[in-house]
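Here the structure is laid out as structure tokens; the discussion comes afterwards.
Just so it is clear, none of the values below were taken in a lab; they were calculated from the coordinates. This one's a predicted model, so the numbers in the text were calculated from it and none came from an experiment. Cβ sites come from the backbone with ideal geometry, for glycine too, and all protein chains shown count toward neighbours.
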Amino acid sequence: MSPLPDPLLVVEDLRVSFPSRDGGVTEAVRGVSFALGRERLGIVGESGSGKSQTGRAILGLTAPEGRVTARRLEFKGIDLLGCAPRQRRELRGGRIAMVLQDPKFSLNPVMTIGNQIVETLQAHARVSAREARARALAALASVRIDDPARVCDLYPHEVSGGMGQRAMIAMMLIADPDLLIADEPTSALDVTVQLQVLSILDTLVAGRGMGLIFVSHDLRLVSSFCDRILVMYAGRIVEEVSAGRLADARHPYTRGLVNCLPQLGADRHPLPTLDRRPEWEQ
């Protein structure tokens, strides 16, 4: 774990486990450690590698049957596992926010988009209804929605996937968090809208000085957007690499992921497959 002068988040030996059907225990996250500053940190890996569970454990959204332990899990000096439940709730959505991967399942279908954004703001700040509405419109405008007043009064099923995802980002940023966890925020979007969402996140992170954890299975996308990358396999971090030096990755799993990427103009039939080794899980 690279030392940072004043990290927003410190994670040491984070473990998340769930009871299995045979009466045993399955560890989804196994000894994850990293520090985050005001930067864009990518976490990549295959489905089931523990990426999303790491983000949910930080935010305190692990399923009730799950067990979360860590030698250290601190946000700006606050012990996230040891603090009172009320303080954890105040942090969640206020100073730490999370954008989930599909707005169809994240937005409340029976509330207008504007009311959902206003509700988020009023949960963390004492503002009048008029001010909350004005700030909701400003938040929608900040994510490049052209007609915020119209979108504010729409229901989630009345907007496209890209607009719904932008509304989700506006909702998560309305309380001015210091840390944003984006869990595959572009996976349900087409390439053009993906680039728009990434541009919005980039502008907001730079302008607000936030820390961003960008969770994805798309190695190429993360390498072009983030400052550094953590590669996860079977619940562990197997390598940390600077995004600009991805080609110099040393772990065979990371090199295997890179080698499996399609290349335009290259004859790669069939595509290489990833040779998983038992020792990577140790």
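Dimensions of region 48-127 along principal axes (Cα, Å, largest first)?
Principal extents (largest minus smallest coordinate, Cα): 41, 34, 21 Å.
Mind telling me which of Pro262, Pro177, Pro270 comes out most flexible in a GNM of the chain, alpha-carbon contacts under 10 Å?
Most flexible of the set in this elastic network: Pro270.
Suppose each label sits 7 Å from its Cα in the direction of the beta carbon; what would the Ser20-Tyr155 distance come out to in nanometres?
So the two model labels end up 4.4 nm from each other.
Provide, for q = 0.12, 0.22 Å⁻¹, the log10 of I(q)/I(0) from a solvent-free Debye sum over equal Cα point scatterers in region 103-176.
The Cα Debye sum returns log10 ratios of -0.25, -0.88.
How much net charge surrounds Pro177 when only the other residues with a Cβ under 11 Å from the Cβ of Pro177 are counted, with Lys and Arg +1 and Asp and Glu -1?
Numbers: positive: Arg92, Arg95, Arg208; negative: Asp176, Asp178.
Cβ neighbours under 11 Å give a net charge of +1.
Pick out which of Asp267, Asp190, Asp147 has the largest mean-square fluctuation in a Gaussian network model of the chain, springs linking Cα atoms closer than 10 Å.
Evaluated over the chain, the most mobile residue of the options is Asp267.
How big is the gap, in Å, between the Cα center of region 69-117 and the Cα center of region 1-61?
15 Å
What's the magnitude of the charge dipole for the chain around its Cα centre, counting Lys and Arg as +1 and Asp and Glu as -1 at the beta-carbon? Answer in Debye, nearest 20.
500 debye
Counting only helical runs of four or more DSSP H residues, what would the 222 nm mean residue ellipticity of the chain come to if each run contributes -39,500 (n - 2.57) and the total is spread over all its residues?
-10000 deg cm²/dmol, from helical runs alone.
Evaluate the distance, in nm, between pseudo-label points positioned 7 Å from the Cα of His269 and of Ala247 along their respective Cα→Cβ axes.
Label at His269, label at Ala247, 2.7 nm between them.
Compute the signed sum of charges (Lys and Arg +1, Asp and Glu -1) over the other residues within less than 15 Å, Cβ to Cβ, of Gly37.
-1
Between Ala141 and Asp176, what is 0.36 nm times their sequence separation minus the Cα-Cα distance? Round to one decimal in nm.
11.1 nm
Given 0.36 nm per residue, what is the gain on full extension from Arg67 to Cys260 after removing their alpha carbon distance, in nm?
My answer for the length gained is 66.0 nm.
Rounded to the nearest 20 debye, what is the charge dipole size of region 47-199 about its Cα centre when +1 sits on each Lys and Arg Cβ and -1 on each Asp and Glu Cβ?
560 debye
With springs connecting C-alpha atoms under 10 Å apart, model the chain as a Gaussian network and identify which of Asp176, Asp218, Asp22 has the largest mean-square fluctuation.
Looking only at Asp176, Asp218, Asp22, the biggest GNM fluctuation is shown by Asp22.
Rounded to whole Å and sorted largest first, list the principal axis extents of the Cα atoms in the chain.
For the chain, the Cα extents along the three principal axes come out at 58, 51, 43 Å.
Which residue, chosen from Pro262, Val231, Phe75, occupies the Cα position most advanced towards the positive end of the dipole of the chain, where the dipole is computed from +1 (Lys, Arg) and -1 (Asp, Glu) charges on Cβ about the Cα centre?
Highest projection toward the positive end goes to Phe75.
Semi-axes of the equivalent ellipsoid for region 166-264, please: Cα gyration tensor eigenvalues, times 5, square-rooted, ordered largest first, whole Å.
Gyration-tensor ellipsoid for region 166-264: 26, 16, 12 Å.
Given charges of +1 on the Cβ of Lys and Arg and -1 on the Cβ of Asp and Glu, with all other atoms neutral, how large is the dipole of region 103-176 about its Cα centre, in debye to the nearest 20?
It works out to roughly 80 debye.
Post the alpha-carbon centroid distance, region 218-280 to region 139-216, in whole angstrom.
Using only Cα atoms to place each centre, the spacing works out to 27 Å.
Considering the dipole of the chain built from charges on the beta carbon (Lys and Arg +1, Asp and Glu -1) around the Cα centre, which of Ala132, Leu100, Leu61 is farthest to its positive end?
Value computed over the given set: Ala132.
Find, among the trypsin sites (Lys or Arg not before Pro) in region 42-79, those assigned to loop by DSSP (not H, G, I, E, B) with at most 13 other beta-carbon atoms within 10 angstrom.
Working: sites: Lys51, Arg56, Arg67, Arg71, Arg72, Lys76; in loops: Arg71, Lys76.
The qualifying sites are Arg71.
Which percent, nearest 5, of DSSP beta bridges in the chain are antiparallel?
If I count the DSSP bridges inside the chain, around 55 percent turn out antiparallel.
Can you put Cys226, Cys260 in order of Cβ neighbours within 10 angstrom, beginning with the fewest?
Lowest to highest Cβ neighbour count: Cys260, Cys226.
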